[in-house]
Structure formats: structure tokens, C-alpha cells
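Report on one structure; see the data block that follows.
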Amino acid sequence: MNTEIQFQPEQASTLAPRVDALYYYLTGVSVFMTLLIATLIVFFAIRYRRGNKVDRSPLDLRYQKWMEVIWIAVPLVIVLSFFGWGAWLYLEQARPPLGALEIQVTGKQWMWKFQHPQGNSEINDLHVPVGRPIKLTMISEDVIHSMYFPAFRVKHDVLPGRYTGLWFEATRTGQYHLFCAEYCGAGHAVMKGTVTVMEPSDYEAWLSGRVPDQTPVEAGKALFEEMRCASCHQGGGTQGRGPSLVNLFGKEVRLKDGRTVIANEEYLRESILTPAAKVVVGYEPIMPTFQGQISEEGVRDLIAYIKSLAESAPTGEEP
Ligand code: CUA
């Protein structure tokens, strides 16, 4: 922490200086406009006060037209610059770069759970390597939370029943705050933690220094067997009572009602929890719901496992 007065939290991500630049621009324009208008109000109030002998005849009609044009065009350009710059930055932060390191996040009253692709998991602490895009895929076990990293200038709501995402690339090693930014009950204030940004070699050492739990794919495979999913979804070309899951992820699926959907994470999640919502053409809605029987983490592990069935295939590479 430095001693000078800080108007902003530290800038510790690639996005931070860009968000701040927009922020300063918005603030600068607002301050300039406020001062301009306030000054003119005072100036005119004094100059045109009652009894002051000044010229009060109306402006020449030609000038009036140009004044109209100017005070429509100039503010229009300014507000469009707000929109353009803001939209550009929004799209940048909404689209994680390819090859980002994906970390799974589960929010619940009142803690954050993080799971790394190698299987390590941690609570309220997040370790990430510097200089590498990190993508967080987030879901809530209960109410709406919001993941907020002030030093990275990113924040996104974490919702029950739906995946949301967020990405950042840290530019400086060190420890930074992470907060829940959505009031979520009595323990909201304690739902915070620390993100530790490390050199990539330190991150590797940190990963291997812990006994990794099962990877999501391994845990998903175990759950898949435990829930007897294979008795219907055995795949491998043989026609089971349920459609094959091999090579499914990312593909188009034709449904009984004629619609076509993409087999993404939302679709898989829905098909596990509410199987009757989207029935694949050629199959009967006989699958029982697994709502309440599998935790959000379990659903995610199953999806990771189903994705791994797609990755092993020669075609249909997913980024
Ligand atoms: Cu979780 Cu506030």
C-alpha cells in the first residue's frame, strides 16, 4: 500500500487502466459541463439582472439556426462517444480470450469455492498466475451473489441455476481483495477473500504442493457411474434408451418438437435437472430428474466428463 492518496484501487489487470481511462473521461466531461453551465448561469444572472442596461434584442435569425445545430450536434457526439467507448470496453471484458485458464466458482451463503482444472480447490482464497487470462465460470448454490475484484475492475453476478462468466488477466503479482458485491443475507459482509497473483512457476509449485482432489472429469466419471447414467447413455454406437453422449458437446441436437439446440453447458445442465424440457428426436421422455440429488458441483463435474467425451474425438474441437 502506498501512502499517496488513491482515487482508485490499484491497477492490477490488463483491463484496469482501460476502465479507469473511460472513467476519467466520463468524470472529466461531467465536471467540465457542470462548471460551464454553473458559470454561465451565474454570469447571465448578473449580466441580465433587472435594471442593468444591456442589449436585450433577439439574436439574428441566421445565428439562431446555427446555435440550434451546434447544441444538438456537439452533445450528440459527446454522448455517442460515451456509448461507443463503453460498448467497446464492455465487449472486450465480456469475451474471454481463447486459451484462458478456466476456474470453476461456486458461491454459497457465505463463501466462495474455487476449483482449478487440475482438481485443486480452495475456499475464499484464489491463486492465479500473472500474465495469463483467467476465466471464471460461476454459479450459485442458493441466492444471487456477485464476484468483484476491485483491482482487476471486473464484477459479475453469480446466479442460482445458471452459469455466468468473467475473465481477467492479472498484470502484477501480489494479493488483492475479492468481494461479494450483492447483498445476499446476514453473512454478506464476510463473503470475501484474497486473490494471490503469482509468477507462473510459483503457481505451478503451488498447484503441485497440494494433494489435488479428483479432477472435475474424474469426479464426473465417478458420479456418472454412481448414478447409473451409462445404463441408458452407453454410447459407442449402440442404440441405448437414451442418446449417446460421446462427441455431443458443442454439437447441434435435433429435438422431438422440431427445434434444434446446441449442446452447451446450459443444455446439459437442464437435461440433467429437467430432462423433459428438451427431448432428443427419436427418444422418449423417460429420464428421471436429478434435481435435488446432485449438487451444483456434481452437475458441473458431470458436464466436465461429458465434455471430455467430446474432446477425445478427432472432430468437433472446442476452444
Ligand atoms: Cu454473497 Cu453477498
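For this structure, a couple of remarks:
- Members of region 159-184 found to be within 11 Å of the ligand (Cβ to nearest atom) and more than 17 Å from the chain's Cα centre (by Cα), listed by number: 183, 184
- Scanning region 143-155 for residues that are under 13 Å from residue 112 (Cβ atoms) and within 14 Å of the ligand (Cβ to nearest atom) yields 145, 146, 147, 148.
- Of the residues 137, 164, 173, the single one that is modelled with pLDDT under 95 and in contact with a Gly (Cβ under 8 Å, 6 or more places away or on another chain) is 137.
- Flag for residue 41 being exposed (fewer than 10 other Cβ atoms within 10 Å of the Cβ), hydrophobic (A, V, I, L, M, F, W, C), part of a helix (DSSP H, G or I) and at pLDDT 90 or above: no
- Residues that are away from the ligand (no atom under 16 Å from the Cβ), without any contact (Cβ under 8 Å) to a residue 60 or more places away in the chain and not in a strand (DSSP E or B) are absent from region 185-197 altogether.
- Total residues in region 117-142, condition surrounded by fewer than 17 Cβ atoms within 10 Å (Cβ to Cβ), within 16 Å of the ligand (Cβ to nearest atom) and either among the β-branched types (Val, Ile, Thr) or at positive phi (or both): 2
- Residues that are assigned to a loop (DSSP other than H, G, I, E, B), in contact with a strand residue (DSSP E or B) (Cβ under 8 Å, 6 or more places away or on another chain) and under 19 Å from residue 99 (Cα atoms) do occur in region 166-176.
- Matching residues, region 247-264, being among the small types (Gly, Ala, Ser) and either surrounded by fewer than 11 Cβ atoms within 10 Å (Cβ to Cβ) or outside the structural domain of residue 275 (by TED's automatic domain parsing) (or both): 258
- Residue in region 29-50 that is within 30 Å of residue 88 (Cβ to Cβ) and in contact (Cβ under 8 Å) with a residue 24 or more places away in the chain present: yes
- Counted residues, region 81-115 - those being away from the ligand (no atom under 16 Å from the Cβ), part of a strand (DSSP E or B) and either surrounded by fewer than 19 Cβ atoms within 10 Å (Cβ to Cβ) or free of Cβ contacts under 8 Å to residues at least 12 places away in the same chain (or both): 2
- Residue under evaluation residue 304, criteria (1) touching a Phe, Trp or Tyr at 6+ places or on another chain (Cβ under 8 Å); (2) at pLDDT 85 or above, criterion not met: (1)
- Members of region 198-232 found to be modelled with pLDDT under 80, acidic (Asp, Glu) and either more than 14 Å from residue 121 (Cα to Cα) or outside any loop (DSSP other than H, G, I, E, B) (or both), listed by number: 226
- Odd one out for residue 118 among (1) closer than 18 Å to residue 200 by Cα; (2) assigned to a strand (DSSP E or B); (3) not aromatic (Phe, Trp, Tyr): (2)
The values are calculated or read from the model by the stated rules, or taken from the named source; none is laboratory data. It should be emphasised that the depicted structure is a prediction, and the values quoted were computed from it without experimental measurement. Virtual Cβ from ideal backbone geometry, glycine too; neighbours counted across all protein chains shown.
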